[in-house]
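The values are calculated or read from the model by the stated rules, or taken from the named source; none is laboratory data. Computed from a predicted model, the values in this text were never measured in an experiment. Backbone-built Cβ (ideal geometry, glycine too); neighbour counts: all protein chains shown.
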Amino acid sequence: MKQDNNTLRILPYVMVAPAVLILVAFYIYPIGYNIYLSFFSWNMRGPMKFIGLKNYKELFSSSDFAHTLMNTIGYMVMEVSMVLILGLLMALFLQKNTFINRFIQTISFTPNIISLVSVSLIWMWLMNTDKGLFNYILSLFGADPVGWLTDKNVALFSVVLVSVWKSLGFNVLIILSALGAIPPYLYEAAALDNASRRSVFFQITLKMISPTLFFLILMNIIGSFQAFETISVMTNGGPSNSTNTLIYSIYKQGFEYYRVGYASAMAVVLMLIVGLITILYFKVLNKRVHYR
Amino acid sequence: MWLRLPKVTIRLLLSVLLIIIFLAPFYWMLLTAFKTLDEVVAVPPKFWVDKLQWVNFKDAFTRINFLHYTKNSIIITLGTLVGQMLVVVPAAYAFARYQFKGKSLLFGLVLATMMVPGQLIFLPVFVMFANVGLLNTYVSLIVPFIASGMAIFMLRQTFMQVPDSILEAARLDNSSEWKIIRTIMLPMAVPTLSTLALLTFIGTWNSYFFPLVWTTTDAVRTLPLGVKKLQDSEGLNPHIVMAGNMMLILPILIVFMFARKHIIKAFTYSGVK
């Protein structure tokens with residue numbers, strides 16, 4: 001097949017067109033459409049009614065929204081701190097390349113590739129108030145049963161726990177690969193200087209993996225704002241709204257109460273929060289690269 | 001140290017603890033799936049079963065339309081895998097190998113979509129599908145996922161690493177562009193392509209959110225939604241729910257057993273990109 005100049009000129013466009021069109025249609029355009037919808041009152045069936053900023057006004061004066069926002073932040077703080085602290089400790093513990101460490105690394109990673117629905121169902125059964133394994137073990141120590149998913153003071157923590165169990169292995173994996181990338185001569189130099197173990201950890205280990213930890217913090221924050229499956233499967237946002245987060249609330253407002261405009265306004269607020277964190281991430285990333 | 005245990009012992013104890021933390025939930029699912037209802041509710045709970053209750057799997061299979069959800073899961077997973085190759089490979093090749101007007105703008109657009117939190121814009125997309133009559137179709141659960149910014153980015157990197165000299169030689173031989181892609185580019189991109197395929201397979205098979213929010217009937221809903229439905233109707237029969245759950249997990253576990261190293265590498269790569 002001989003190609004003349006004309007085909008070569010349009011060929012690249014033909015090749016990128018399907019991908020670009022799909023990405024624009026499902027990732028770029030919906031952002032604008034979402035903002036547009038947030039200015040309307042609409043129940044998906046009747047006519048759309050333009051109401052300006054009323055959805056936002058209602059949002060910011062609603063105690064439900066404030067409660068949901070607090071739940072979302074609570075979820076995020078618990079999840080990110082647990083994943084990062086436990087992940088770092090586990091990675092340090094597993095650093096030596098032995099058979100048992102590799103085995104633990106593999107099994108801790110397994111939950112990460114399994115559907116969050118499956119993971120949620122397993123833990124729901126473990127956390128069952130009457131017949132769950134957890135409360136049986138507690139009873140052996142004479143403790144009262146805990147309403148893991150039915151007590152409004154505990155449920156959010158339980159849901160976070162499941163998510164931490166699922167994603168810990170992935171975070172360990174990334175931290176381990178960062179630990180492995182620290183040049184050995186740094187440790188050798190520290191040993192020659194008779195540096196204390198504490199200062200080796202803070203001055204070398206932690207310093208060298210801090211970009212990775214920072215990346216993981218932001219990734220986990222962004223992920224925690226979109227946590228949906230655990231809540232949908234395990235609690236439906238209950239008991240008494242204690243696990244109702246922003247993303248779950250958007251789903252409920254949209255598909256249970258058919259308040260499309262109001263749900264869209266919530267999505268815009270959540271998108272702004274996530275967007276700011278993403279921009280912050282790239283800003284800091286650029287700076288780091290620049291100073292290196 | 002207050003316990004005065006040798007360091008090796010502490011290490012061993014911690015290792016055992018970690019193994020229990022990550023394996024016990026799976027063991028409990030497996031055990032429950034093979035118990036009778038009496039064994040499930042027995043106090044104290046039994047940590048072993050005498051007779052495997054295979055009937056639980058049959059019950060799980062018939063109480064929801066298991067075959068229907070499985071069929072949908074397979075169609076959507078395969079459709080996404082094939083579609084992604086057809087869309088991503090040419091795009092990545094063009095971005096890697098051709099110069100054309102607006103290239104950097106278009107590529108910037110592709111990269112920007114990697115930053116869009118997809119789960120936050122499900123509502124406008126639902127309205128779009130409703131407006132064009134695409135709700136409850138396979139198309140709606142396949143097409144949005146066949147173009148991925150990350151996949152295009154990864155594959156472009158791979159294509160750019162192919163040395164120019166090889167391409168020049170092929171062009172001198174009067175090979176067509178298509179032949180170059182087929183005989184030189186694709187074989188060199190096999191590791192990247194299989195990485196992408198594994199990530200897509202796992203992500204699509206496990207997906208719960210989009211099949212839930214972009215459908216209004218059971219017509220094209222997938223297995224994770226089916227198993228969730230099993231939980232809704234059979235919540236008082238944990239042995240049946242766990243049996244259904246195992247059937248959802250099994251394909252992933254089989255793939256994981258055979259491609260463990262490759263999958264772990266794929267996730268590491270996507271995590272540190």
Practice prompt. Identify, by number, the condition in (1) outside any helix (DSSP H, G or I); (2) away from chain B (no Cβ under 14 Å) that A:Asn236 doesn't meet.
Written response: (2)
Item to complete: Give the residues of the stretch B:62-109 that are assigned to a loop (DSSP other than H, G, I, E, B) and among the small types (Gly, Ala, Ser), sorted by residue number.
Response: B:Gly102
Worksheet item: Can we say A:Arg45 is in contact (Cβ under 8 Å) with a residue 12 or more places away in the chain, within 13 Å of chain B (Cβ to nearest Cβ), basic (Lys, Arg) and surrounded by fewer than 17 Cβ atoms within 10 Å (Cβ to Cβ)?
Response: yes
Response to the item:
The condition from (1) in a helix (DSSP H, G or I); (2) closer than 26 Å to A:Ile122 by Cβ; (3) more than 11 Å from chain A (Cβ to nearest Cβ) that B:Asp218 misses is numbered (1)
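What number of residues in the stretch A:254-267 are touching a residue at least 12 places away in the same chain (Cβ under 8 Å) and crowded, with 22+ Cβ neighbours inside 10 Å?
Restricting attention to the stretch A:254-267, the residues satisfying the condition of being touching a residue at least 12 places away in the same chain (Cβ under 8 Å) are A:258-267.
With crowded, with 22+ Cβ neighbours inside 10 Å added as a condition, the list becomes A:260-267.
Counting residues in the stretch A:254-267 that are touching a residue at least 12 places away in the same chain (Cβ under 8 Å) and crowded, with 22+ Cβ neighbours inside 10 Å gives 8.
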Worksheet item: Residues of the stretch B:129-187 being assigned to a loop (DSSP other than H, G, I, E, B), surrounded by 15 or more Cβ atoms within 10 Å (Cβ to Cβ) and either touching a Pro at 6+ places or on another chain (Cβ under 6 Å) or modelled with pLDDT under 85 (or both), which ones?
Response: B:Ser175
Item to complete: Determine which single condition B:Pro90 fails, assuming it passes every other condition in (1) at pLDDT below 95; (2) closer than 28 Å to A:Ile279 by Cα.
Response: (2)
Worksheet item: A:Ser120: within 14 Å of another protein chain (Cβ to nearest Cβ), part of a helix (DSSP H, G or I) and over 17 Å from A:Asn171 (Cβ atoms), yes or no?
Response: yes
Worksheet item: When the residues of the stretch A:29-42 are filtered to those that are part of a helix (DSSP H, G or I) and more than 7 Å from chain B (Cβ to nearest Cβ), which remaining residue is surrounded by the fewest Cβ atoms within 10 Å (Cβ to Cβ)?
Response: A:Gly32
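Looking at B:Ile254, is it touching an Asp or Glu at 6+ places or on another chain (Cβ under 8 Å) and not aromatic (Phe, Trp, Tyr)?
Values: touching an Asp or Glu at 6+ places or on another chain (Cβ under 8 Å): no; not aromatic (Phe, Trp, Tyr): yes.
It is false that B:Ile254 is touching an Asp or Glu at 6+ places or on another chain (Cβ under 8 Å) and not aromatic (Phe, Trp, Tyr).
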Practice prompt. Filter the stretch B:80-117 down to residues that are surrounded by 18 or more Cβ atoms within 10 Å (Cβ to Cβ) and not hydrophobic (A, V, I, L, M, F, W, C) and give me whichever is farthest from the other protein chains (Cβ to nearest Cβ).
Written response: B:Thr80
